[in-house]
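Visitor: Would you mind keeping the following structure in view while I ask a few things?
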Amino acid sequence: MFSECCLWKGRPMFSASEGLNPVVSLMPGFRNTESRRLLLEKGINVDLCFQCRKCASGCWASDLMDLNPTQIVHAVRLGLDDLALGSKSIWLCTKCATCTARCPQGVDIAKVSFVLRSLAHRRGIPSKLPSVTAFDRAFARNMTIFGRVYEFGLINQLRMATRNFRQDSELAMPMIFKGKIKFLPSLAGFFGMRRLKSRAKACGKAGERQAKEGLDS
């Protein structure tokens, strides 16, 4: 067994249930970096990974990546945040969760990419795939306003962000004639999103009042 043959100061370096020995985690190669802390807050222990490569073999985008999912996880384990955050792999991940489903250790590898992408945004690290970042922002803005995908608006926002006005332009008219793309958004979604935001704000204020009353008492 891996845990029996790899010992550090008389204790297993690795445990299938606990991951790396805490002593080993403090070794120079396994630094307590920001990415590791964020992942642990999300309940993801990358030290459980024993590099079986099932995630990489099942990833459809692995051939397009500069670092496959196995290498991304290993970079985080080694404290190489700059390497992981500077790769294009975290932007190519589509969160299909095939890697997560295949992992025998239950590591949510798809969420690892999501956390690293958020950390890259926070640090101001530019994406190696600007079009992916532009789509993420346009999609999030679209959903925030309309509560559902407004395709025509999403396409226009993406075209303005990337300055690529001719890509797939030959598909536009056939899709419009077939009713696949609508010029106007759903008003039901727009007003439904406004009601949802109002309720969320009301619940937030109510929670703040209850917390304040609890402190006062």
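Visitor: If we count other beta carbons within 10 Å of each Cβ, what is the order of Asp47, Asp168, Asp66, fewest first?
Guide: Result, fewest neighbours first: Asp168, Asp66, Asp47.
Visitor: If you don't mind, there's one more thing I want to ask. Take the residue pairs Lys180/Lys201; Lys54/Lys180; Lys42/Lys180; Lys42/Lys88; Lys95/Lys205 and return only those whose Cα atoms are more than 27 Å apart.
Guide: Too far apart for the 27 Å limit: Lys180/Lys201; Lys54/Lys180; Lys42/Lys180; Lys95/Lys205.
Visitor: Moving to a separate point now. For segment 31-123, what mean projected area does the convex hull of the alpha carbons give, in nm²?
Guide: Result: a mean projected hull area of 5.1 nm².
Visitor: In debye to the nearest 20, how big a dipole does segment 31-123 give about its Cα centre with +1 on each Lys and Arg Cβ and -1 on each Asp and Glu Cβ?
Guide: Charge dipole of segment 31-123: 140 debye, to the nearest 20.
Visitor: State the extension gain, in nm to one decimal, for the chain segment bounded by Leu40 and Met143, taking 0.36 nm per residue of separation less the distance between their alpha-carbons.
Guide: 34.2 nm
Visitor: Something else about it: Students often get this wrong: which residues of segment 123-140 have the backbone nitrogen under 19 Å from the point 7 angstrom along Cα-to-C-beta of Lys197?
Guide: Label zone hits: 137-140.
Visitor: Bin by bin, in steps of 5 Å, what percent of the Cα pairs in segment 52-203 do you find, going until the bin that has the longest distance?
Guide: Bins of 5 Å from zero give 1, 9, 14, 15, 14, 14, 14, 11, 7, 2, 0 percent of pairs.
Visitor: What number do you get for segment 154-217 when its Cα radius of gyration is normalised by 2.2 N^0.38 Å, N = residues? Present the calculation step by step, with values, prior to reporting the outcome.
Guide: Details: Rg = 21.5 Å, N = 64, 2.2 N^0.38 = 10.7 Å.
So segment 154-217 has a normalised radius of gyration of 2.02.
Visitor: Fully extended, how many nm does the chain gain between Lys205 and Lys95 (0.36 nm per residue separation, minus their Cα-Cα distance)?
Guide: Details: separation 110, 0.36 × 110 = 39.60 nm, distance 3.38 nm.
Extra length available between Lys205 and Lys95 comes to 36.2 nm.
Visitor: Which of the chymotrypsin sites (Phe, Trp or Tyr not before Pro) found in segment 29-73 are loop residues per DSSP with 11 or fewer other Cβ atoms within 10 Å of their Cβ? Display every interim value, and only then the final one.
Guide: Details: sites: Phe30, Phe50, Trp60; in loops: Phe30, Phe50, Trp60.
Hits after loop and neighbour filter: Trp60.
Visitor: Related question: Would you mind getting me the FRET efficiency between Asn32 and Cys52? Use the beta-carbon distance for r and R0 = 22 Å, nearest 0.05. Walk me through the numbers on the way to the answer.
Guide: On the way: r = 25 Å, r/R0 = 1.12.
Rounded to the nearest 0.05, the efficiency is 0.35.
Visitor: Using a basic spin-label model with each label point 7 Å from the Cα along Cα→Cβ, how many nm lie between Phe183 and Phe165?
Guide: Rounded to a tenth, the inter-label distance reads 1.9 nm.
Every read-out reported here was derived from the displayed coordinates using simple, explicitly stated rules and does not represent laboratory data. All figures in this text were calculated on a predicted structure; none of them were measured in a lab. Neighbour counts run over all protein chains shown; Cβ positions are idealised from the backbone, glycine included.
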